[in-house]
Amino acid sequence: MYLALVKVFNSYISHYMVKFSLIGWGVPMIVVIIVIAVDKDNYGLVSYGKFSDGTSDGFCWLKNDIAFYVSVVAYFCLIFVFNSSCSWWCWSSCAG
């Protein structure tokens, strides 16, 4: 992707991987911190199902539906719209 970015925009970004790794890991971490700061009981052990031997497969996930829609679904939609607009901008720049 770096080469595609450089070829399309003809630019150079110093410390490319460090900056984008900080954004890629930092923004979701901030979302998790905000969800926990609002109510620490939003996260908890959730069971998806039970195995034939009676044990369950518990995992840490959002228990509150509102927190789920705000932090997961809205975050996904925001990233999807951003990526779609960047793709449209790249395609229109290359085509015209």
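The values are calculated or read from the model by the stated rules, or taken from the named source; none is laboratory data. Every value quoted in this text rests on a predicted model; they were computed, and no experiment measured them. Glycine gets a Cβ as well: all are built from the backbone with ideal geometry, and neighbour counts include every protein chain shown.
Within segment 84-96, which residues are assigned to a helix (DSSP H, G or I) and exposed (fewer than 10 other Cβ atoms within 10 Å of the Cβ)? Lay out the reasoning, then the answer.
The initial filter retains those residues of segment 84-96 that are assigned to a helix (DSSP H, G or I), namely 84-95.
Passing the criteria: Ser92, Cys94, Ala95.
Scan the helices (runs of 4 or more DSSP H) fully inside segment 1-83 and keep the ones with 2 or more residues being modelled with pLDDT of 80 or more.
Values: elements: 2-9, 16-38, 65-68.
Of the helices (runs of 4 or more DSSP H) lying wholly inside segment 1-83, those with at least 2 residues that are modelled with pLDDT of 80 or more span 16-38, 65-68.
Residues of segment 48-80 being in contact with a strand residue (DSSP E or B) (Cβ under 6 Å, 6 or more places away or on another chain) and without any contact (Cβ under 8 Å) to a residue 12 or more places away in the chain, which ones?
Tyr48, Lys50, Ser56, Asp57, Phe68
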